[in-house]
Each structure stands twice: as C-alpha cells, then as structure tokens.
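Participant: What follows is a single structure, and I will ask about it in a moment.
The values are calculated or read from the model by the stated rules, or taken from the named source; none is laboratory data. This one's a predicted model, so the numbers in the text were calculated from it and none came from an experiment. So basically every Cβ, Gly included, is an ideal-geometry build from the backbone, and we count neighbours across all protein chains shown.
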C-alpha cells in the first residue's frame, strides 16, 4: 500500500508539473505574439498573383478578386458624413453595431481577439486601406498567419482595426490576433460609410483635422 501510494503521488506530481509547464509555455508564447494585425503592404491594390494564404497551420485559398457589391453611387451615398456616426464593438456579445445618432446603420457578429485581446476604449479610425497583406504571429506555431488581399481594413488603434475576413466564418467567437474580424460584405459597407472619407480614385486614406475618423467604442 505504501509503495502504491508513493507511486501515485509521484505520478500526480509529474502530471501537475507538466500541466504547469504547459500553462507557462502557453502564456510565454502568447506574450511573444505581436498584437493587432500587421499590415505589410500600403498600396491598397488587390494582388491577383497571391494564390496562397496560411492561417492556424492550414493553407487557405485567398479570394481571386476583391469582393465589391457597391457601385460608385452607393459608395458616395454611404459616405455622406454626419457628426453622429459611431461604431460600437461589444466584446461580450461579439457584436458590432454601427450607429448614426439614434439610428442603427447595421449590426453584425464579429470575431475579436483570441491571441491578443482587442483593447477596450474609445478611438477614432486613423487609417483605411481597401486591400492589404497581413502577416504575424510566431512561425511554426498555430498563431502564425500569412493573409494576402485582406479586404476593407479600417485601423482605429495602431495595428488594431476592423477588416473583412475570408479565412474563417466562425463569427460570434474570438478568433483574431486583436483585430475585429468582420464578414466581408459588412466590412465593405463600413469602409465607405466611415470617416475619413476615401477620395475619389484612391484606395487608402489617413485621417486629418479636415477629414477626421469615425468614433469606435470597444467595451465588454
């Protein structure tokens, strides 16, 4: 009995040690993952030569063309600016609501940060780019991603932004590295609705004092 009890205690100790080591390694790994979504192109052009994407240790087929459902007229109408526009990101409900004063422009499920938490607070969109390549995480781990032609990105806090998503459809659950993953049709509408307004013929824009960004409120 004593030998059996001692052996059981040793095995239990080993299991606990392995579990603690796993938690420590996971915490360390997560702490090394760059926050947000690192954009590595700045032309705003869709690149049809990019035919391979990589996410969560899986190859993903990127889109063959930029999703676009809005006409130039639709884009201009959506872009008619008012002082009442703002976007609410509810992390607890994994939901995004775009409002114009008391009116709701649209609502949608989203996927916020899993590898890094989407930061709570009040921000303004400072940069918009119609299509960009994103790469980040730690190579060789499930956190690594290589995603060309990410559509309709709107950055509100450094590398944290809202953008369209083609590599998963699990909206309503945290999935990202800190950005707000949105269904692409929703991101397209937001891209042209939000400020700063995109000048005609341009694919990128930065907020200025004359063309400020839409308010984004992130909360639990």
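Participant: Take the residues in the stretch 108-124 that are surrounded by fewer than 20 Cβ atoms within 10 Å (Cβ to Cβ) and in contact with a strand residue (DSSP E or B) (Cβ under 7 Å, 6 or more places away or on another chain); name whichever of them is modelled with the lowest pLDDT.
Facilitator: Restricting to residues being surrounded by fewer than 20 Cβ atoms within 10 Å (Cβ to Cβ) and in contact with a strand residue (DSSP E or B) (Cβ under 7 Å, 6 or more places away or on another chain), the top hit is 114.
Participant: Then there is this: Would you please name the residue that is surrounded by the fewest Cβ atoms within 10 Å (Cβ to Cβ), looking only at residues in the stretch 93-107 that are over 13 Å from the mean Cα position of the chain (by Cα) and in a loop (DSSP other than H, G, I, E, B)?
Facilitator: 102
Participant: Let me ask something else about it. Kindly provide the set of residues from the stretch 69-89 that are surrounded by fewer than 16 Cβ atoms within 10 Å (Cβ to Cβ) and either outside the structural domain of residue 154 (by TED's automatic domain parsing) or touching a strand residue (DSSP E or B) at 6+ places or on another chain (Cβ under 9 Å) (or both), ordered by number.
Facilitator: Listed by number, the residues that qualify are 82, 84.
Participant: Further, regarding this structure: So which strands (runs of 3 or more DSSP E) stay within the stretch 125-220 end to end and still have 3 or more residues that are surrounded by 18 or more Cβ atoms within 10 Å (Cβ to Cβ)?
Facilitator: Ranges flagged: 127-136, 145-157, 160-165, 180-183, 215-219.
Participant: Here's something else I'd like to know. Which members of the stretch 64-92 meet the condition of being farther than 26 Å from residue 47 by Cβ and part of a loop (DSSP other than H, G, I, E, B)?
Facilitator: Once the filter is applied, which keeps residues that are farther than 26 Å from residue 47 by Cβ and part of a loop (DSSP other than H, G, I, E, B), the stretch 64-92 yields 80, 81, 82, 83, 84, 91, 92.
Participant: Also, I was wondering about something else. Assuming residue 158 fulfils every condition listed in (1) within 20 Å of residue 190 (Cα to Cα); (2) in contact with a strand residue (DSSP E or B) (Cβ under 7 Å, 6 or more places away or on another chain) apart from one, which condition is it?
Facilitator: It fails just one condition, (2).
Participant: Assigned by TED's automatic domain parsing to the domain that holds residue 165, closer than 19 Å to residue 183 by Cβ and loosely packed, with under 14 Cβ neighbours inside 10 Å: is that true of residue 65 in this structure?
Facilitator: Yes: the conditions hold for residue 65.
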